[in-house]
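The values are calculated or read from the model by the stated rules, or taken from the named source; none is laboratory data. Everything numeric here is computed off the predicted structure, so don't read it as measured data. For neighbour counting, all protein chains shown are included, and Cβ atoms are generated from backbone atoms with ideal geometry for every residue, glycine included. What goes into the accessible areas is simple: the full protein's heavy atoms, side chains included, and nothing from ligands, DNA or RNA. Shrake-Rupley method; radii C 1.70, N 1.55, O 1.52, S 1.80 Å.
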Protein chains: 4
Amino acid sequence: MATRVPSEHGSVRKAPRQLRSRATVDTIVEAAARVLARRGWAHFTTNETASAAGVSVGSIYQYFPNKLALAEEIRKRHLDAVLAAISGSDERDAVITVEQRAAKLVDGVVAAHSVDQELHRVLLDEVPLAARSTQDQFEAEYLRRYQAVIASAPGKPDPKRDDIAGRVLSGAVEGVVHAAARHGELQSPELRAELIELVCAYLRSRCTG
Amino acid sequence: MATRVPSEHGSVRKAPRQLRSRATVDTIVEAAARVLARRGWAHFTTNETASAAGVSVGSIYQYFPNKLALAEEIRKRHLDAVLAAISGSDERDAVITVEQRAAKLVDGVVAAHSVDQELHRVLLDEVPLAARSTQDQFEAEYLRRYQAVIASAPGKPDPKRDDIAGRVLSGAVEGVVHAAARHGELQSPELRAELIELVCAYLRSRCTG
Amino acid sequence: MATRVPSEHGSVRKAPRQLRSRATVDTIVEAAARVLARRGWAHFTTNETASAAGVSVGSIYQYFPNKLALAEEIRKRHLDAVLAAISGSDERDAVITVEQRAAKLVDGVVAAHSVDQELHRVLLDEVPLAARSTQDQFEAEYLRRYQAVIASAPGKPDPKRDDIAGRVLSGAVEGVVHAAARHGELQSPELRAELIELVCAYLRSRCTG
Amino acid sequence: MATRVPSEHGSVRKAPRQLRSRATVDTIVEAAARVLARRGWAHFTTNETASAAGVSVGSIYQYFPNKLALAEEIRKRHLDAVLAAISGSDERDAVITVEQRAAKLVDGVVAAHSVDQELHRVLLDEVPLAARSTQDQFEAEYLRRYQAVIASAPGKPDPKRDDIAGRVLSGAVEGVVHAAARHGELQSPELRAELIELVCAYLRSRCTG
DNA sequence: CATGAATGAGCGTTCATTCAT
DNA sequence: GATGAATGAACGCTCATTCAT
């Protein structure tokens, strides 16, 4: 695989102003996501993407300076979808018990991992990070959901400790769901129950301890 | 046209007989591990490995049928080291409280992730699995440590539920440590304390609940 | 590990759409034929072919999935030329005597072997057959010429025996011409006379015997 | 495949004087012939030959300056065997009729092609000729058999014409048998009959014409 | 003499990227 | 703008041959 120095380093070569361009970009990104999910990063090629999108390679380079930038755009869109999936189970209804909160959280994360499992895995495990920014932004937003759960649990707040607790909770839930996804057990109700139990136990212990 | 008999390809091409060979194999694997950790799977090349090891490409193929088999050997050696690191905090001394057990477990996993962090990440996230066997064996052994902790906690055993609990615990601890490693906070004592708390809370809740 | 979908490989990678491509394909095939004839299959390399054609290796793989497919195309074109050469001495004029028929046949085969002797030898003797189809089609067409001669000879037809006779005649003429070509005596009139004599004798004996 | 300049150009590096050497050489050549027949020239490697012979590569280079010289020795031995097979049906018994002579000849050639068909084919079709000498010597000897048949046929001798006739006869019989071998019909009695007929017809026509 | 570990030029093939049309 | 033919550096891998032991 030849690694060429790309001629520009901006993430997007040209902001698509016109409707037609926007549509083309969408077509490209969607096709690229399909190809990426199907073949994996190692076999993700611009030529196949182009023909899957029904455009020429040249058109890809009209909008993206290089392959990585295209992948970056796929990641961006996917993370948005993931965030939307988490938020879907986040409506501001009368949630009261810690159990209910924990259940909402777990269901949200599971839903997020179900958006496009293979693409998710490839993006997380295979595609190299061009720039931290997108990922960081996402992680911050993601962590905020966890912090909200922490904050809503009884007990007096302690910013420093709560921050760490959020990261612990995030890592734990994420880790369990990730492992479950790898083994195709994302929908197991027993696992869901245990995971909720884990979250509850932690939250409870934090308020009593 | 006559049908040709292809030559078979085992996982190891030739068992090194002489002392010189054994040393060469070690040199190759060690150099390969360095290159793999530094460049990642996508840029892990046999030629760079060869020159990093101070041998010719041919020597790599004397002992490994292909690049993947070389990576497989790196994985094998690394997982052994990881297992050794976990076991290091596993001596059969008089551990009594759940807290002490949890602390041992967490310390072991952290130690395991400290062996060679970047190599660990690349092996887990990027290198494709040629055969499940090595990985499966490792995972089984790995899970066993968690099951042992579960089993040692008070409360009456329930094989099915305990199995799931083991996977939840494993996923959670692994997830937290993994995230911490990514952010360079593997040695943070606060994080350690919270993680131990998570494990304890879960174990306690399982025996009372 | 996810199972990857491999990309398929047809015999021709892409049908050349533009005029430029068609010209490139011709250039490549012609250069390849020259290289193949000059170096033999064992030393027939894509890189030399590319530079002999004045294109880059990539261009070869734009149109041919691999080296063998390129050789297959050379064979196809050559066999067409050979068939054309044989047919050249096949016009439907008033041929009456067996001698005249035999002479036409022999002259055709000699002409066929004169098309590009070295290429002919390499294609027949060295290049492995990827698919039987091209070769089989050619052989069938080739045999048909011999069968026609057999059929036109006096004597009552016997399908089974005539079939074998066709193969005997084909093998014999082919063998003599082949050997002559190897010794550079393809144009010898004495040899031509003897070969015609051989064919006539056989045909005569079949009708009387 | 790296092409190195061999350090010597003699066909055999060292004439094996001692019994042990002679045995080693035999072992090597026999193993090499098996490997060559099984894999074909393109996949015929010195390393596989060495391990098939139960010796080290170095030992091969003790007796043969390079791979081609080894193949040359295989050819030499095989052609001897072929000649022996032809001669086997050549005893000086009371052969009188032309038919009987022709039958003997055909049977001899068929027997020769049956010695080791795959090796025969590979040697003829794939292995390049290092030096003409071995092949030429064989061909001369081979032609002599045909000349003998020609000479023994009635009719007054004509050295020049008889020479050409020998080559025609040789090419024809060889060609038919070769084609038959390719189609696995070496043992067909119908084909044998037709071929004998061809030879007889030619011989007869030469004495009457 | 025999061994077999080591060499490295050279092969077939891929694919991100460019640019004439 | 869009196209897609063309590029060529770089990869994984092979195997004839050498030479220290």
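So the values come out like this:
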quantity: Accessible surface of the stretch C:71-208 [probe 1.4 Å, protein heavy atoms]: carbon and sulfur percent; calculated: 55 percent
quantity: Shielding by partners, peptide D:197-204 (average Cβ within 10 angstrom, other chains); calculated: 6
quantity: Kyte-Doolittle mean at least 1.6 and Cα axial length at least 27 Å: DSSP H helices in chain C; calculated: none
quantity: Hull shadow area, averaged, the stretch A:89-209 [alpha-carbon convex hull, nm²]; calculated: 8.2 nm²
quantity: Relative contact order of chain D, defined on C-alpha pairs under 8 angstrom at six or more residues apart (%); calculated: 20 percent
quantity: In the C-B interface, the accessible area buried, summed over both sides, Å² (probe 1.4 Å); calculated: 300 Å²
quantity: Shielding score for D:176-183, defined as the mean number of other chain Cβ atoms within 10 Å; calculated: 4
quantity: Nm distances between copies for B:ARG39, ranked from closest, using label points 7 Å along Cα→Cβ; calculated: 2.2, 2.7, 2.9
quantity: Within-14-Å neighbourhood charge of A:VAL98 [Cβ basis; K, R +1; D, E -1]; calculated: +2
quantity: By average C-beta atoms within 10 angstrom, highest first, the peptides D:31-42, C:122-133; calculated: D:31-42, C:122-133
quantity: Prolate/oblate/rounded label for the stretch C:19-65 (Cα gyration tensor, a/c 1.5); calculated: prolate
quantity: Accessible area in square angstrom per residue, the stretch B:19-64, 1.4 angstrom probe; calculated: 50 Å²
quantity: Two-site label geometry, B:LYS160 and D:HIS183: point separation in nm, points 7 Å out along Cα→Cβ; calculated: 7.0 nm
quantity: Distances in nm from C:GLU190 to the matching label points in the other copies, shortest first (labels 7 Å along Cα to Cβ); calculated: 3.8, 9.4, 10.6
quantity: Partner lysines for A:LYS67 [C-alpha distance under 17 Å; skip if fewer than 8 residues away on the same chain]; calculated: A:LYS14, A:LYS76
quantity: Chain A: most fluctuating residue of A:LYS76, A:LYS67, A:LYS160 per GNM, C-alpha cutoff 10 Å; calculated: A:LYS160
quantity: Choice from B:THR97, B:THR46, B:THR24 showing the highest fluctuation, given a GNM over chain B with Cα pairs closer than 10 Å; calculated: B:THR97
quantity: Alpha-carbon centroid distance for the pair the stretch C:99-134 / the stretch D:129-173, whole angstrom; calculated: 23 Å
quantity: Helix-only [θ]222 nm of chain A, DSSP H runs n ≥ 4, -39500 (n - 2.57) each, per residue, nearest 500; calculated: -24000 deg cm²/dmol
quantity: Projected area, mean over directions - chain C, Cα convex hull, nm²; calculated: 16.4 nm²
quantity: Peptide C:187-196, shielding by other chains (average Cβ, 10 Å cutoff); calculated: 3
quantity: For C:GLY54, inter-copy label distances in nm, listed shortest first [label point 7 Å out on the Cα-Cβ vector]; calculated: 3.9, 5.0, 6.0
quantity: A:HIS43-A:SER21 pseudo-label distance in nm [points 7 Å out on the Cα-to-Cβ vector]; calculated: 3.5 nm
quantity: Radius, Kirkwood style, for the protein assembly as shown when every pair of distinct Cα atoms is counted (Å); calculated: 33.8 Å
quantity: Radius 12 Å from Cβ of C:ARG77, net charge of other residues (Lys, Arg +1; Asp, Glu -1); calculated: -4
quantity: 1.4 Å probe accessible area per residue over the stretch A:89-208, in Å²; calculated: 48 Å²
quantity: Highest-fluctuation residue, D:GLU190, D:GLU99, D:GLU174 considered, GNM on chain D with Cα pairs under 10 Å; calculated: D:GLU190
